[in-house]
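Here you go, one structure.
Just so you know, all these numbers are worked out from the coordinates, no wet-lab data involved. Everything numeric here is computed off the predicted structure, so don't read it as measured data. Don't worry about glycine lacking a Cβ; one is built from the backbone with ideal geometry, like all the others, and counts go over all protein chains shown.
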Amino acid sequence: MKKYICEFMGTLVLVLFGCGTAVISDGNLVATALAFGLSIVACAYVIGNVSGCHVNPAVSLAMLIDGRMSVKDFVWYVIVQVVGALCGSAILYFILSNSVINPVNLGANGYGALSGINVSLLGALVTEVILTFVFVYTILGVTDDESKSSVAGIVIGLTLAFVHILGIGITGTSVNPARSLAPALIIGGTALKQVWVFIVAPFIGAALSAIVYKFLNRED
């Protein structure tokens with residue numbers, strides 16, 4: 001039970017601080033990338049030894065494929081991650097509703113008119129698959145070696161910031177289905193119609209990273 005509570009809390013923090021910074025800073029690239037990355041760093045050193053600090057269904061899928069978690073845990077992780085993300089988005093919505101900022105996007109991801117460069121559907125899919133692949137592949141590598149455990153949280157957080165630097169202007173950077181689903185459910189509209197991309201693509205990227213990691217990094 002403790003690990004599920006930790007995943008709930010971690011995902012809530014990630015969405016509240018990451019998406020909150022994106023909205024309040026008007027999508028400032030450096031501020032938003034750091035907010036998402038530092039959220040992971042902070043959570044990793046608090047809940048990492050309890051739940052692994054996945055706070056992301058795509059990461060959990062990769063761990064499942066790599067044999068590091070059971071199907072039961074995977075299902076419960078995804079459930080509590082989505083609920084945590086929804087709570088984070090709801091808190092952000094409440095805060096913004098009581099300010100001069102109109103909570104019209106809550107940091108939702110998107111393509112076309114919702115993209116900084118008006119990226120196409122295909123472009124968004126490819127971008128998210130690649131960004132998630134890089135992010136999750138790094139996680140698989142740094143958490144597979146006990147000697148790297150002391151720096152794992154920093155490496156993962158910096159990698160999340162790294163992929164955000166490229167992705168923010170393209171899709172807003174998802175790499176996390178729960179992080180994308182939560183704001184889309186609350187604000188609805190076009191963001192909700194497009195959110196399937198930011199659920200499917202991260203799962204594809206995570207699955208590919210786990211498969212490639214098994215092939216390249218596991219001994220025969």
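Is at least one residue of the stretch 140-149 crowded, with 24+ Cβ neighbours inside 10 Å and in contact (Cβ under 8 Å) with a residue 40 or more places away in the chain? Don't jump to the end; show me each part of the working.
Filtering the stretch 140-149 for residues crowded, with 24+ Cβ neighbours inside 10 Å gives none.
Looking for residues that are crowded, with 24+ Cβ neighbours inside 10 Å and in contact (Cβ under 8 Å) with a residue 40 or more places away in the chain, one finds none in the stretch 140-149, hence no.
Name the residues in the stretch 195-212 that are out of contact with any Phe, Trp or Tyr (no Cβ under 6 Å at 6 or more places or on another chain), buried (at least 16 other Cβ atoms within 10 Å of the Cβ) and either of a type outside the set (Gly, Ala, Ser) or over 26 Å from Val83 (Cβ atoms) (or both), would you?
Step one: list which residues in the stretch 195-212 are out of contact with any Phe, Trp or Tyr (no Cβ under 6 Å at 6 or more places or on another chain), which gives 195-204, 206-207, 210-212.
Next, from what is left, pick out any that are buried (at least 16 other Cβ atoms within 10 Å of the Cβ): 195, 197-199, 201-204, 206-207, 210.
Selection gives Val195, Val197, Phe198, Ile199, Pro202, Phe203, Ile204.
What is the one condition in (1) surrounded by 18 or more Cβ atoms within 10 Å (Cβ to Cβ); (2) touching a helix residue (DSSP H, G or I) at 6+ places or on another chain (Cβ under 6 Å); (3) in contact (Cβ under 8 Å) with a residue 40 or more places away in the chain; (4) closer than 27 Å to Leu96 by Cβ that Val163 does not satisfy?
All conditions pass for Val163, except number (3).
Consider the stretch 171-186. How many of its residues are out of contact with any Asp or Glu (no Cβ under 9 Å at 6 or more places or on another chain) and farther than 14 Å from Ala85 by Cα?
Residues in the stretch 171-186 being out of contact with any Asp or Glu (no Cβ under 9 Å at 6 or more places or on another chain) and farther than 14 Å from Ala85 by Cα: 1 in total.
If you take the residues of the stretch 116-139 that are small (Gly, Ala, Ser) and in contact with a Phe, Trp or Tyr (Cβ under 8 Å, 6 or more places away or on another chain), which of them is surrounded by the most Cβ atoms within 10 Å (Cβ to Cβ)?
First pass over the stretch 116-139, keeping only residues small (Gly, Ala, Ser): 116, 120, 123-124.
Still in the running and in contact with a Phe, Trp or Tyr (Cβ under 8 Å, 6 or more places away or on another chain): 120, 123-124.
Values: Ser120: 12, Gly123: 16, Ala124: 25.
Taking the candidates together, the pick is Ala124.
Kindly provide the set of residues from the stretch 173-190 that are over 11 Å from the mean Cα position of the chain (by Cα) and buried (at least 24 other Cβ atoms within 10 Å of the Cβ), ordered by number.
First, pick out the residues of the stretch 173-190 that are over 11 Å from the mean Cα position of the chain (by Cα): 182-190.
Listed by number, the residues that qualify are Ala182, Pro183, Ala184.
Additional query: Of a type outside the set (Asp, Glu), within 10 Å of Ala33 (Cα to Cα) and either surrounded by fewer than 16 Cβ atoms within 10 Å (Cβ to Cβ) or more than 11 Å from the chain's Cα centre (by Cα) (or both), is that true of Ile168?
Details: of a type outside the set (Asp, Glu): yes; within 10 Å of Ala33 (Cα to Cα): yes; either surrounded by fewer than 16 Cβ atoms within 10 Å (Cβ to Cβ) or more than 11 Å from the chain's Cα centre (by Cα) (or both): yes.
Against the criterion (of a type outside the set (Asp, Glu), within 10 Å of Ala33 (Cα to Cα) and either surrounded by fewer than 16 Cβ atoms within 10 Å (Cβ to Cβ) or more than 11 Å from the chain's Cα centre (by Cα) (or both)), Ile168 qualifies.
Further, regarding this structure: Looking at Asn109, Asn102, can you tell me which residue is without any contact (Cβ under 8 Å) to a residue 40 or more places away in the chain, touching a helix residue (DSSP H, G or I) at 6+ places or on another chain (Cβ under 8 Å), within 22 Å of Val15 (Cβ to Cβ) and outside any helix (DSSP H, G or I)?
Details: Asn109 fails: without any contact (Cβ under 8 Å) to a residue 40 or more places away in the chain.
Within the list Asn109, Asn102, the selection yields Asn102.
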